[in-house]
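Below: one structure, written as structure tokens.
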Amino acid sequence: MIRFILSFLGGIFSMVTLGAFAAALTVGAIFWMYGRDLPDTDQLAQYAPPTISRIYSSQGQLIDEFAEERRLFAPADEIPDMVKHAFISAEDKNFYSHKGYDPRGMVAAAVDAAQGGAIRGASTITQQVMKNFLLGGERSAERKVKELILAARIEGTLSKDDILELYMNEIFLGQNSFGVAAAAQTYFNKTLSELEPHEAAYLAALPKAPSTYHPVRAKERAISRRNFVLREMFENGHLTEEEFQTARVQPLLTVQNGDYDSFKSALPPRDYPTDEIRRQLSRDYGEGEFFGGGLTVRATIDPELQEVAADALRRGLEQYDRGIGRWRGTGKTIPADRLDDWHAALAEVDVARDIDVESRWHPAVVLEVGAEQLRLGIEDWSQGDPDPVVPRKDIEWIKGDFAANFSVGDVVHVRRMTADADGSFIRWTLRQVPEVEGAFVAMDVHTGRVLAMQGGFSYQHSVFNRATQATRQPGSSFKPFVYAAALDSGFSPATIVVDAPIEINTPQGLWRPKNYSNRFYGPTPLRTGIEQSRNLMTVRLAEEVGMDVVARYAEDFGVYDDMGQYLANSLGSEETTLYKMVAAYAMFANGGERVEPTLVDRVQDRYGKTVYKHDQRVCNDCRVASLEPGMAPRITSNRERVMDAITAYQLTSMMKGVVDRGTAKGAVTLGVPVAGKTGTTNDAKDVWFVGFTSNIAAGCYIGFDRPRSLGSRASGGGMCAPVFNRFMQKATEKYGGGKFEVPPGGQFIKINRFTGARLSDSASGPDVVAEYFRLGEEPLFGVAFDGGFAMGSNLPLFEQAGGGQQVRTATGNVAVIPKKKATFGSLSSGGLY
């Protein structure tokens, strides 16, 4: 009997052994089958998660950030243990002891599935890393097997902290936040080291389903899950009982609930400069690298001057718009059935909220149209604020009355009007975004660093950057390039060019250019030609020098890539951008050296390595431990020269005359020397002013996006020069300015600015100007009188009788050319007269 029992038991054991062996073979086969062609886990050792690219101002202030997935990478050794323990307690309390998978959790999940339940987790942190990085989110038994295999493999490749680092930087925690560092900022506006235990526990509650535990919409559920995590931390020995009891009763205070300021509140609204940086770096590095490469970008923008530029341009545009007197409003309305809850309805209306001219503009909705006032609902208005009404007298500039221009439900903009003396409130005043647009750019003339860029009235109203993307005719602001070509071709500021009618044969027919004044002025020095913006002189000069030479100069200065060699283009008829024009003028200001305009000083990758640096000049003393008091480091320029230094100074001096007594007279009034040029195109469709001090070049353009006349009174000197002046008042206050540097190799000689005649060193008066001439190219002595113009070879001081009727010199030998017979020709000085 005993033998029988033993034999029976032996058979059972054999069957169990065979069954176990068969099961092992089956499991092994499954693992072998699914283990083939799995992703290589070694790639995770080099994994660099997509992270935010951030842009900082020239002073180091964070001004914008870009990312498709908002992630701030945090190395494992920078993640506080308390934060690590919160996630481990919530997700995988045996993380540091298992080999990548948790058998007990797997069995529990398998039992639930066998009983008809849903296939659920029990995934370890290691398994979740495999799922997130290598396998995807499919819920199936096959993926689970692959997950187990990869988890076991990765445990042999990476350390536990490396795996935890991958997990805590990759996991999605809601609100477009990926990784714990970004989530800490998003929910609490804190760094990881600033988190309290109850805040870390809330973040650790989110991986299961972020929207399920929303801090506002599902607050009670979120607190319950948070407290579960806190209890797990306590039971796992990561919190003391006192810490646990204190943390579990804490309220859930978050940015989303309005308890903390958002990190975004510290960022200025996105604006034209950072969007242009985004466009340029996406082109240079690719969108994937820019939006996910974790780049650190040091921009050239000066935030203070950026605000000044925006304000100056907006004031100029608004002044023109209000002069027209037509009300357009925003074009947006709120339906009558939503006016009972106008606060919520107004918050949903897409209108600009980034405008600040004298004070911030607020969106508002018209609630009542009365005989003498409008009653409004103003966004951000609260009890205690001034009564939200706009009196009739505020809109006296608008043609028509209340009833004709406003209806209940209209969405408008308003701002506070305050007293200049003490800032006291006067009234609410209606505002509208002008239809006319424009742009403004300012840059350092020595480096090309853009200090300010305003591409329109409001970025939120229109993201189109008119400084870099709008190609428009520069008009007379192009003329300095014609004069530069002439000065480098043997002409001088005193050379005489005839201002008289001219006819040009073109393929389109006979072209007869005219001066803005429709008058002709006869023989005139180059200086006066540019100061008074004479079209006919410019065309004659371009014809004499050759449009091929003019085009080469314009291309060398970066105004055009391939300029058409047509005489009409000498008057600025070929389109370019304000950005290119300001960069070209910077080269006049710096003495003729090439500068490449830039919005970016430096770009560093996620590891801090510099991958781009704009300024390539050599700093000779930057490695010296100390310098003598009052000494600055010596900088050696290695830039290409695009213009002779003397030519650059001569042109600068002539353009200074534009500001002092020419087409910008009275519009630009700074305490430092300023040079510039106005520009007004045909029918005044575009108006310009571009100018510079010794260290800053800046320019303004104004015109309609769909070109049409700005009106018969519109001009660059009248509309753009005041914008330039308002900006440069602040810019020179901050950065200073001095006399334009005089290059060696020349001498100053006094000239009559109307005739070009050389005068004595003692001559003075409003018509006398000291011109700078190259050595060996000094002008002849001469005199202008009622009947014409007299010049002689090396004549000494002349005397002129009353009324200019007689001319007497010490040696005689005087040439007299009546104005009526003046033509092109060469004198011994090599000039034109």
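Computed from the C-beta positions of residue 682 and residue 191, the FRET efficiency with R₀ = 45 Å rounds to 0.15.
Simple spin-label estimate for residue 631 and residue 48 gives 4.1 nm between the two label positions (7 Å along the Cα-to-Cβ direction from each Cα). One chain, two ends: residue 561 and residue 279. Fully extended at 0.36 nm per residue, the span grows by 99.5 nm beyond their Cα-Cα distance. FRET efficiency for the pair residue 777 and residue 332, taken as 1/(1 + (r/R0)^6) with r the Cβ-Cβ distance and R0 = 56 Å, rounds to 0.30.
Amide H to amide H, with H built 1.01 Å from N, residue 190 comes under 5 Å of 185, counting only residues 5 or more places away or on other chains.
Note on segment 566-723: Cα-only Rg and Dmax are 19.4, 62 Å. Each eigenvalue of the Cα gyration tensor of segment 414-521, multiplied by 5 and square-rooted, gives one semi-axis; in descending order these are 42, 21, 18 Å. Here the spin labels are modelled as points 7 Å beyond Cα on the Cα-Cβ line, and at residue 262 and residue 97 they lie 4.4 nm apart. Placing pseudo-labels 7 Å out from each Cα toward the beta carbon at residue 358 and residue 403 gives an inter-label distance of 3.0 nm. Rolling a 1.4 Å probe over the protein heavy atoms leaves residue 730 with an accessible area of roughly 100 Å². Derived scalar couplings between HN and Hα for segment 658-670 equal 4, 7, 6, 8, x, 6, 10, 4, x, 8, 10, 10, 10 Hz in order, rounded to whole Hz, by the Karplus curve 6.51 cos²θ - 1.76 cosθ + 1.60 (θ = phi - 60°), x for Gly and Pro.
In the complete set of protein chains, residue-level accessible area for residue 556 is approximately 60 Å², probe 1.4 angstrom. Of the peptides 370-378, 705-713, 227-235, 416-424, the ranking by mean beta-carbon count within 10 Å, highest at the top, reads 227-235, 370-378, 705-713, 416-424. To the nearest 10, the accessible area of residue 464 is 80 Å² with a 1.4 Å probe. Normalised radius of gyration (Cα atoms, divided by 2.2 N^0.38 Å) for segment 221-354: 1.73. Using the Cβ-Cβ distance between residue 767 and residue 514 with R0 set to 22 Å, the FRET efficiency works out to roughly 0.25.
For the listed residue pairs 609/734; 393/685; 613/685; 656/730; 479/739, the alpha carbons are over 27 angstrom apart in 609/734; 393/685; 613/685. Phi-derived couplings, Karplus 6.51 cos²θ - 1.76 cosθ + 1.60 at θ = phi - 60°, listed residue by residue for segment 639-653: 7, 6, 8, 9, 8, 4, 4, 5, 4, 4, 5, 4, 5, 4, 4 Hz, with x used for Gly and Pro.
With contacts taken as Cα pairs under 8 Å and at least 6 residues apart, segment 265-379 reaches a relative contact order of 16 percent.
The values are calculated or read from the model by the stated rules, or taken from the named source; none is laboratory data. Here the structure is a predicted model, which means the values were calculated and not measured. Positions of Cβ are generated from backbone atoms using ideal geometry, with glycine treated the same way; all protein chains shown enter the neighbour counts. Accessible surface is based on the protein model in full, side chains and every heavy atom, while ligands, DNA and RNA are left aside. Shrake-Rupley method; radii C 1.70, N 1.55, O 1.52, S 1.80 Å.
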